[in-house]
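Visitor: Please find one structure pasted underneath; my questions will follow.
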Amino acid sequence: MTPFFPPDKRIAQRFQVKIPLRFRLLESPSGEKPEAELHNGNNIMSNISRTGFFLSTKNYLEVRSRIEVEFPLESFKALVKAEARVIRANHANFPNQGRYEYGLYFEAMHPHFRELLEKLSKLMEG
């Protein structure tokens, strides 16, 4: 079950980043078929926490869609691979630029990558 997050509440502190991200659709509420390849294009993660991230992309996603993501954590020389669920969507913020914004929650990830996110959080807190 996907957790519910009130719009003004955060489970974990978020940190501003600018990380290119690759993703592919695994599951959508409308039954769209899973994608075979990761999207390489204009996907930017603009904040991250140990529990989720904010994504800006040219690709449309539905709330409750599940995606596979891949992104570099340069500080740790690691390529993080995980599954995440869309919990918030802003489909109107950049209508002239054809970009969408999403809040995502990490659902599945190797424990090593969870450790790295914990370390990153501590590192960025100061």
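No lab work stands behind these numbers, since they all come straight from the coordinates. None of these values were measured; they are calculated from a predicted model. Backbone-built Cβ (ideal geometry, glycine too); neighbour counts: all protein chains shown.
Visitor: Calculate, in nm to one decimal, what Phe15 and Lys58 gain on full extension: separation in residues at 0.36 nm each, minus their alpha carbon distance. Let's see the in-between values first.
Guide: Values: separation 43, 0.36 × 43 = 15.48 nm, distance 2.24 nm.
Contour length minus Cα-Cα distance gives 13.2 nm.
Visitor: Which FRET efficiency, nearest 0.05, do Ser75 and Glu107 yield, Cβ-Cβ r, R0 30 Å?
Guide: Values: r = 23 Å, r/R0 = 0.78.
In this case the efficiency is close to 0.80.
Visitor: Which is farthest toward the positive dipole end of the chain among Ala84, Leu123, Asn42, measuring Cα position about the Cα centre, with Cβ charges +1 (Lys, Arg) and -1 (Asp, Glu)?
Guide: It is Leu123, whose Cα lies furthest towards the positive end.
Visitor: Tell me, what is the FRET efficiency for Lys122 and Ala36 to the nearest 0.05, using R0 = 30 angstrom and their Cβ-Cβ distance as r?
Guide: Working: r = 37 Å, r/R0 = 1.23.
E between Lys122 and Ala36, to the nearest 0.05, is 0.20.
Visitor: Gaussian network model of the chain, Cα springs within a sub-10 Å range: biggest mean-square fluctuation belongs to which of Lys58, Lys18, Lys33?
Guide: Lys33
Visitor: Would you please classify the overall shape of segment 39-102 from the alpha carbon gyration tensor, given that a ≥ b ≥ c denote the square roots of the eigenvalues, rounded means a/c under 1.5, and beyond that prolate means a/b larger than b/c while oblate covers the rest?
Guide: Working: a/c = 2.00, a/b = 1.56, b/c = 1.28.
Since a/c reaches 1.5 and a/b is larger than b/c, the shape of segment 39-102 is classed as prolate.
Visitor: Which residue fluctuates most in the GNM of the chain (Cα springs below 10 Å): Val17, Val80, Val63?
Guide: Of Val17, Val80, Val63, the Gaussian network model singles out Val17 as fluctuating most.
Visitor: I want to make sure I understand the PRE zone here: with the label point 7 angstrom from the Cα of Arg88 toward its beta carbon, which residues in segment 31-52 have backbone N atoms less than 13 Å away?
Guide: Hits in segment 31-52 for Arg88 at 13 Å: 46-49, 52.
Visitor: Under 1.5 on a/c is rounded, so check that first for the chain, then, if it is not, pick prolate when a/b is larger than b/c and oblate when it is not; a ≥ b ≥ c are the square roots of the alpha carbon gyration tensor eigenvalues. Can you show the working numbers first?
Guide: Numbers: a/c = 1.43, a/b = 1.36, b/c = 1.05.
Here the chain falls in the rounded category.
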